[in-house]
Amino acid sequence: MLNVVIFGPPGSGKGTQSQKIIEKYGLTHISTGDLLRREIHTNTHLGVIAKSYIDRGELVPDETIIEMLDHFMDNLPKVKGIIFDGFPRTVIQAEAFQKMLKNNNTSLSVMLNLEVDRQELIDRLLLRGETSGRSDDNLETITKRLEVYENRTSPVISFYKEVKLYQAIKGMGSVDEIFQGICTVLDKHLEQ
Ligand code: AMP
């Protein structure tokens, strides 16, 4: 299986690049943000809890996210590979994820870190906010999300460097240029 984590700060293009990866490599997509927004939309208990965190730009608690992902993995039919988008977002999630993959007799192929300058992230998210309808794409929440990323999510980079699954990707430039960088890495993994 080709299992990929697509990682990076809010606005780094994880969702956009995931769509292109799915099309080219036939992977199954899991975005924890999308799953949470679906829960909010259908007004479930989980959705009500998640909304209070998302609207403040905070992370949803690890136990909730890990349980949600466990459920997804348990109900997954046989697939070619999975792209994990927006997960893991803390070192605790990354540790639980390693165990989860092992329990499912699989492992992670690579973690792709999209590197983008801070001002570019803010510009992209504000632009997205004009059409996304997302309650968290406003300047105040964006600033909070970037702070949470620095403090709680960026340590995940060291975790993947240590287990030798880390791969930096230049996340600036056109969507196609960035995708080209991703393809070079994924093609190498497929050849192995
Ligand atoms: P995203 O769509 O990935 O930008 O996620 C939107 C929001 O959902 C984040 O700002 C968090 O509040 C929440 N969220 C998504 N994925 C996670 C995760 N893995 N851990 C904690 N919170 C998450």
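Stretching Ser154 away from Ile22 to a fully extended chain increases their span by 45.0 nm, per 0.36 nm per residue minus the current alpha-carbon distance. Entry note: the range 119-176 has Rg to Rh equal to 1.06, where both radii use alpha-carbon atoms and Rh is the Kirkwood radius. Distance between the modelled labels on Lys161 and His45, one decimal in nanometres: 4.2 nm (7 Å Cα→Cβ projection). Across the cross-link table entries Lys24/Lys80; Lys99/Lys164; Lys24/Lys51, which are compared at the Cα atoms, the separations over 24 Å belong to Lys24/Lys51.
When the alpha carbon gyration tensor of the chain is reduced to an equivalent ellipsoid, its three semi-axes come out at 24, 21, 16 angstrom, largest first. Computed from backbone phi with θ = phi - 60° and the Karplus coefficients 6.51, -1.76 and 1.60, the 3J(HN,Hα) list for the range 75-83 is 9, 8, x, 5, 10, 6, x, 10, 10 Hz; x is used for glycine and proline. Ranking Glu191, Glu147, Glu58 by solvent-accessible area of protein heavy atoms (1.4 Å probe, all protein chains present), from largest to smallest, gives Glu191, Glu147, Glu58.
Averaging the sequence gap over all C-alpha pairs within less than 8 Å and six or more residues apart, then dividing by the number of residues, gives the chain a relative contact order of 33 percent. Across the chain, the longest piece that holds none of the trypsin sites (Lys or Arg not before Pro) lying in DSSP loops with up to 15 other C-beta atoms within 10 Å covers 1-55. Take the chain with all the other protein chains still there, run a 1.4 Å probe, and you get 53 Å² of accessible area per residue.
Projecting label points 7 angstrom from Cα along Cα→Cβ for Asp187 and Glu95 puts them 3.9 nm apart. Would you work out what percent of the accessible area of the chain, with all protein chains in place, is carbon or sulfur (probe 1.4 Å)? Looking at the chain in its full context, I get 50 percent from C and S.
Computed from backbone phi with θ = phi - 60° and the Karplus coefficients 6.51, -1.76 and 1.60, the 3J(HN,Hα) list for the range 121-135 is 4, 4, 4, 5, 5, 5, 5, 4, x, 5, 10, 6, x, 7, 5 Hz; x is used for glycine and proline.
The values are calculated or read from the model by the stated rules, or taken from the named source; none is laboratory data. As the structure is a prediction and not an experimental result, all values here were calculated from the model. Ideal geometry is used to build each Cβ from the backbone, glycine not excepted, and the neighbour counts take in all protein chains shown. With ligands, DNA and RNA removed, areas are computed over all heavy atoms of the protein, side chains included. Shrake-Rupley method; radii C 1.70, N 1.55, O 1.52, S 1.80 Å.
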